[in-house]
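**Student:** I am attaching a structure below and will ask some questions about it afterwards.
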């Protein structure tokens, strides 16, 4: 069984849709943060987003992701940590099921591990890109530049 935080993280990502597997690697009350702490608008587009608790929250996220996207590539670029935490960085390419839009995004996963079991997991990605893979139409207007430039996408 995995024991170091790096081994726990790698094992979790190896089979994140199997509840028995995930339960063995996590505490019963594991906190899982997917993409943000709480964003109701993003949650409407990607229902798994936000903060949840329990091993099933991890499983449900990866099951839902597989329903919304076809995974074309999921590549680890770096995995490191210490005796309590680990981080993994990589690159993924997904194609949205409904619209068939393909996106490539960097991703990062952080875990905190106590006594060989994950008690906190956070998954981050380029949410602007992955969310846009579901965008069917319309435009967005942004006013981010203090010099006054407006950007419409």
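One line per residue, one yes/no per condition, for (1) touching a residue at least 12 places away in the same chain (Cβ under 8 Å); (2) closer than 22 Å to residue 132 by Cβ; (3) surrounded by fewer than 17 Cβ atoms within 10 Å (Cβ to Cβ):
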site	(1), (2), (3)
58	yes, no, no
69	yes, yes, no
72	yes, yes, yes
75	yes, yes, yes
82	yes, no, yes
88	yes, no, no
103	yes, yes, no
110	yes, no, no
119	yes, no, yes
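**Student:** Has region 39-50 got at least one residue that is in contact with a strand residue (DSSP E or B) (Cβ under 7 Å, 6 or more places away or on another chain) and more than 30 Å from residue 98 (Cα to Cα)?
**Tutor:** no
**Student:** Out of (1) closer than 18 Å to residue 34 by Cβ; (2) touching a helix residue (DSSP H, G or I) at 6+ places or on another chain (Cβ under 8 Å); (3) at pLDDT 95 or above, the odd one out for residue 124 is which?
**Tutor:** Every listed condition holds for residue 124 apart from (2).
**Student:** So which residues in region 3-25 are under 17 Å from residue 81 (Cα atoms) and either modelled with pLDDT of 95 or more or outside any loop (DSSP other than H, G, I, E, B) (or both)?
**Tutor:** Within region 3-25, 4, 5, 6, 7, 8, 9, 10, 11, 12, 13, 25 qualify.
**Student:** State which residue pairs qualify: first residue on the phi > 0 side of the Ramachandran plot and surrounded by 15 or more Cβ atoms within 10 Å (Cβ to Cβ) and inside region 11-34, second residue in a loop (DSSP other than H, G, I, E, B) and modelled with pLDDT under 95 in any location, beta carbons under 6 Å apart, and separation of 6 or more residues or different chains.
**Tutor:** Qualifying pairs under 6 Å: none.
**Student:** Does residue 114 satisfy being within 20 Å of residue 23 (Cα to Cα), touching a residue at least 40 places away in the same chain (Cβ under 8 Å) and exposed (fewer than 14 other Cβ atoms within 10 Å of the Cβ)?
**Tutor:** Taking the combined requirement at face value, the residue satisfies it.
The values are calculated or read from the model by the stated rules, or taken from the named source; none is laboratory data. All figures in this text were calculated on a predicted structure; none of them were measured in a lab. Here Cβ is always computed from backbone atoms with ideal geometry, including for glycine, and neighbour counts include all displayed protein chains.
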